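The values are calculated or read from the model by the stated rules, or taken from the named source; none is laboratory data. What you are looking at is a predicted structure, and each value in this text was computed from that prediction instead of being measured. Virtual Cβ from ideal backbone geometry, glycine too; neighbours counted across all protein chains shown. Surface accessibility is based on the protein's heavy atoms, side chains included, excluding ligands, DNA and RNA. Shrake-Rupley method; radii C 1.70, N 1.55, O 1.52, S 1.80 Å.
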Amino acid sequence: MRILAIETTCDETSAAVLDGNKLLSDCVYTQIPLHSSYNGVVPELASRAHLEKMPSVLKAALKDAGIEKFEKGCVDAVAFSRGPGLPGSLMVGRVAAETAARLCGVPLIGVNHLEGHLLACELENGRIAKPLQFPLIGLLASGGHTEMWLVRSYGDYKILGRTRDDAAGEAFDKVAKLLKLPYPGGPEVEKLASEAPGPGPAFPRPYMKGTLEFSFSGLKTAVSYFLQKHPSPSLDEKRLICRAFQDAVIDTLAHKVKEAAYKFGISRIAIGGGVSANSALRKAFSSFKNLETRFSERKYCSDNAAMITLCALRRIQAGKWKNSIKADPVLEQASWRIA
Ligand code: KG4
Ligand code: ZN
């Protein structure tokens, strides 16, 4: 079974080919340099860049997979991220995927981008190494989303809670902006936090008692108020602020995941999305007692088409897929469910 997948939900143009358990190619073009001066992704620039880069990314993915050109039988299915994501960017991916599927005469499978972040935990060294075991609590923490799922099997996802305002990654990016650090903020905040001479100021933990939801905008505002009282922080002060902010985010994510695990009597956790690349977070989640946490390999934490090939594979294996599915910018949840 050979699957070509295309990913264009936000600011990465990516194409990958999976053959059986092995990734034959995994090409990612990141638009970060294009957006960094704006401190965030500019949707119109993103869709134009996807359009511009798609041919070369597809060409590279085919070449690495040893496929000469799109023709009948060169792959068995074409998949694409149908949402959630930026509308213009999604359309570029959908049109490219539909064109490829028609040229190859194979089904077109639209999948949920967030499901991809979860299933990315199965990838290791360019292959599907260890299938996930169920049930598990899935945590997706990226720049655009923060949500927690009860996962009973592939495709059986129940959303337990999501952020009411900012996503965790968005909070990292906004705090980085307040501290005049480059975009994207997550890796920058992590670096300064790791150099902090101490734990830093006390910031609140938005635990959202009585719910399994998240809220990170208040934490960002707490950093902003702190900076109003302490303008022009020195490098060491910035390190302390980063450490304190990062600790607050990690404590909050950890608290909510543990709460969900205990509530549903589940001992497995899987975490995906850009924020899950954070070393301090990985350390904290690895130290949970009686809970086993799976992470994506770091290169698969951010957006990539490799994880999309996996979503399509699991659907095909379960016999649950629909041909020709529309892009949907506000796709709520995985659009399939196995009873
Ligand atoms: O999953 P992703 O690549 O794209 C989305 O689907 O949104 O996530 C990007 C987000 C950005 O907000 C970025 O700042 C954050 O993930 N991020 C991190 C780290 N690396 C990336 N946040 C915290 N620590 C990191 N090391
Ligand atoms: Zn993503």
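Considering each residue of region 1-12, count those that are away from ligand 2 (no atom under 13 Å from the Cβ) and either open to solvent by less than 10 Å² (accessible area, probe 1.4 Å) or in a strand (DSSP E or B) (or both), and give that number.
5
May I ask you to list the residues in region 1-53 that are among the acidic types (D, E) and farther than 21 Å from N112 by Cβ?
Passing the criteria: D19, E44, E52.
Condition first: among the small types (G, A, S), over 21 Å from the mean Cα position of the chain (by Cα) and not in a loop (DSSP other than H, G, I, E, B). Can you find one or more residues in region 243-258 that meet it?
yes
Give region 95-120 a look and list any residue that's outside any loop (DSSP other than H, G, I, E, B) and over 20 Å from C10 (Cα atoms), or say none.
Within region 95-120, T99, A100, A101, R102, L103, C104, L108 qualify.
Listed here are the residues, each with its yes/no results for (1) small (G, A, S); (2) closer than 29 Å to A318 by Cα; (3) more than 16 Å from ligand 1 (Cβ to nearest atom).
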{"position": "S14", "(1), (2), (3)": "yes, yes, no"}
{"position": "K22", "(1), (2), (3)": "no, yes, yes"}
{"position": "L34", "(1), (2), (3)": "no, no, no"}
{"position": "V41", "(1), (2), (3)": "no, no, no"}
{"position": "L58", "(1), (2), (3)": "no, yes, yes"}
{"position": "E68", "(1), (2), (3)": "no, no, yes"}
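Looking only at strands (runs of 3 or more DSSP E) that lie completely in region 131-172, which have at least 1 residues being within 15 Å of ligand 2 (Cβ to nearest atom) and open to solvent by 10 Å² or more (accessible area, probe 1.4 Å)? Talk me through it step by step, then tell me what you get.
On the way: elements: 136-141, 146-153, 156-162.
Here the list reads 156-162.
Could you grab me the full set of residues in region 184-204 that are surrounded by 19 or more Cβ atoms within 10 Å (Cβ to Cβ), touching a residue at least 60 places away in the same chain (Cβ under 8 Å) and within 16 Å of ligand 2 (Cβ to nearest atom)?
P184, G186
For region 18-34, how many residues are in contact (Cβ under 8 Å) with a residue 60 or more places away in the chain and open to solvent by 60 Å² or more (accessible area, probe 1.4 Å)?
The total comes to 3.
If only one of L212, L192 is over 17 Å from the mean Cα position of the chain (by Cα), part of a helix (DSSP H, G or I) and of a type in the set (A, V, I, L, M), which one is it?
L192
Give the number of residues within region 57-94 that are open to solvent by 20 Å² or more (accessible area, probe 1.4 Å), in a loop (DSSP other than H, G, I, E, B) and free of Cβ contacts under 8 Å to residues at least 60 places away in the same chain.
7
Which ones in region 104-130 are among the hydrophobic types (A, V, I, L, M, F, W, C) and either within 17 Å of the chain's Cα centre (by Cα) or exposed (fewer than 15 other Cβ atoms within 10 Å of the Cβ) (or both)?
V111, L114, L118, L119, A120, C121, L123, A129
Residues checked against (1) part of a strand (DSSP E or B); (2) outside the structural domain of A193 (by TED's automatic domain parsing); (3) more than 16 Å from ligand 2 (Cβ to nearest atom):
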position: K263; (1), (2), (3): no, no, yes
position: I271; (1), (2), (3): yes, no, no
position: S276; (1), (2), (3): no, no, no
position: R282; (1), (2), (3): no, no, yes
position: K289; (1), (2), (3): no, no, yes
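Here are some conditions: (1) within 15 Å of ligand 2 (Cβ to nearest atom); (2) open to solvent by 40 Å² or more (accessible area, probe 1.4 Å). S37 meets all but one. Which one does it not meet?
Result: S37 fails condition (1) only.
Here's a check for you: in region 253-284, which residue that is open to solvent by less than 40 Å² (accessible area, probe 1.4 Å) and away from ligand 1 (no atom under 13 Å from the Cβ) is nearest to G185 (Cα to Cα)?
Filtering first and then ranking leaves A254.
Among the residues of region 205-223, write down those that are open to solvent by less than 40 Å² (accessible area, probe 1.4 Å) and touching a residue at least 40 places away in the same chain (Cβ under 8 Å).
The answer is P206, T211, L212, F214, S215, F216, S217, L219, V223.
Every residue in region 95-122 that is without any contact (Cβ under 8 Å) to a residue 40 or more places away in the chain and among the charged types (D, E, K, R), please.
R102
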